[in-house]
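*Asks:* Sharing a structure with you now.
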Amino acid sequence: MSFVMIAAVDAETGLIGAGNKLIHRVPEDLARFRELTKRAVLVLMGRKTFESLPGAEAATQARRTPLPGRNLAVLTEGPMKGDGYRTPQGDEVSFVSRESVDSIMNWMERGGKQQTLYIAGGAQVYREMMPRADAIEITEIKKPGFQAVGDAYFPKIDPREWELSVRSPWYFSDAAQSEYRFLTYTRIKKENQA
């Protein structure tokens, strides 16, 4: 079982969002998110992140998922509009409490299967889940002349705990007029954990 955090961040500031919206929309990053999370047993995200997904409210009302082909667990402290549901395509959308998330993660850890749970934000969920994560998938994004302003940041990645295992070259997105690269961090195993 592995827990993987996945995020797109501003390369200069670590900013991920402003006013509950992504600050960068790079099609190549969105395609990578889709490709990676389609293989997951579950995608965990906070309520605000879920609500910020394009078409989330309409999807919930129609008992569909805004991320087809993936089971979602939406972390919420308050009431959501509707309960969890299964889509006609078989995807599940569940609204869960923090206690439920701990139970889900503990159950998955005990199962030991080669499955992946992706943690898709937002900032508070990243901070809370980082101690349990095994890997971090980052898309760093730079847009010439863009002043990153916002209110949500990805947590600092401590090099004493995380090793940069993959760094792609910088690519250019014509559609977003931005540079981007993919980074994969893996947790450094302590001597007594090996």
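*Asks:* Would it be correct to say that Val125 is loosely packed, with under 15 Cβ neighbours inside 10 Å, closer than 23 Å to Lys48 by Cβ and in contact (Cβ under 8 Å) with a residue 60 or more places away in the chain?
*Replies:* Details: loosely packed, with under 15 Cβ neighbours inside 10 Å: no; closer than 23 Å to Lys48 by Cβ: yes; in contact (Cβ under 8 Å) with a residue 60 or more places away in the chain: yes.
The answer is no for Val125.
*Asks:* A further question on this structure: Could you list all residues from region 141-166 that are more than 25 Å from Lys189 (Cα to Cα), not β-branched (Val, Ile, Thr) and not in a loop (DSSP other than H, G, I, E, B)? Break it down into steps so the answer makes sense when it comes.
*Replies:* Just the residues of region 141-166 that are more than 25 Å from Lys189 (Cα to Cα), to begin with: 141-153.
Retained after the next criterion (residues that are not β-branched (Val, Ile, Thr)): 142-148, 150-153.
Passing the criteria: Lys142, Ala152, Tyr153.
*Asks:* Would you please name the residue that is nearest to Lys48 (Cα to Cα), looking only at residues in region 147-169 that are of a type outside the set (S, T, N, Q) and without any contact (Cβ under 8 Å) to a residue 24 or more places away in the chain?
*Replies:* Filtering region 147-169 for residues of a type outside the set (S, T, N, Q) gives 148-164, 166-167, 169.
Subset that is without any contact (Cβ under 8 Å) to a residue 24 or more places away in the chain: 158-159, 164, 166-167, 169.
Working: Asp158: 26, Pro159: 29, Leu164: 29, Val166: 30, Arg167: 30, Pro169: 32 Å.
My answer is Asp158.
*Asks:* Please state which one of Phe95, Phe154 is touching a strand residue (DSSP E or B) at 6+ places or on another chain (Cβ under 7 Å), under 14 Å from Asp10 (Cβ atoms) and not charged (D, E, K, R).
*Replies:* Phe154
*Asks:* Could you please give the count of residues in region 135-162 that are surrounded by 12 or more Cβ atoms within 10 Å (Cβ to Cβ) and out of contact with any Leu (no Cβ under 9 Å at 6 or more places or on another chain)?
*Replies:* Adding up the residues that qualify gives 8.
*Asks:* For region 167-190, enumerate the residues that are in a strand (DSSP E or B) and either of a type in the set (S, T, N, Q) or under 20 Å from the mean Cα position of the chain (by Cα) (or both).
*Replies:* Scanning region 167-190 gives Arg167, Ser173, Ser178, Tyr180, Arg181, Phe182, Leu183, Thr184, Tyr185, Thr186, Arg187.
*Asks:* Going through Gln124, Gln193, Gln147 one at a time, which residue ends up being under 13 Å from the mean Cα position of the chain (by Cα) and either at pLDDT below 95 or over 28 Å from Asn106 (Cα atoms) (or both)? Even if it seems obvious, please write down each step before you answer.
*Replies:* Details: Gln193 fails: under 13 Å from the mean Cα position of the chain (by Cα); Gln147 fails: under 13 Å from the mean Cα position of the chain (by Cα).
Exactly one residue qualifies, and that residue is Gln124.
*Asks:* Grab the helices (runs of 4 or more DSSP H) fully contained in region 5-100, keeping just those with 1 or more residues being acidic (Asp, Glu), buried (at least 16 other Cβ atoms within 10 Å of the Cβ) and touching a helix residue (DSSP H, G or I) at 6+ places or on another chain (Cβ under 9 Å).
*Replies:* Details: elements: 27-37, 47-52, 56-61.
Filter on region 5-100 gives 47-52.
*Asks:* Please verify whether Ser168 is hydroxyl-bearing (Ser, Thr, Tyr) and exposed (fewer than 15 other Cβ atoms within 10 Å of the Cβ), treating the condition exactly as stated.
*Replies:* For Ser168, the condition - hydroxyl-bearing (Ser, Thr, Tyr) and exposed (fewer than 15 other Cβ atoms within 10 Å of the Cβ) - is met.
The values are calculated or read from the model by the stated rules, or taken from the named source; none is laboratory data. Worth saying up front: this structure is predicted, and the values here are computed from it rather than measured. Virtual Cβ from ideal backbone geometry, glycine too; neighbours counted across all protein chains shown.
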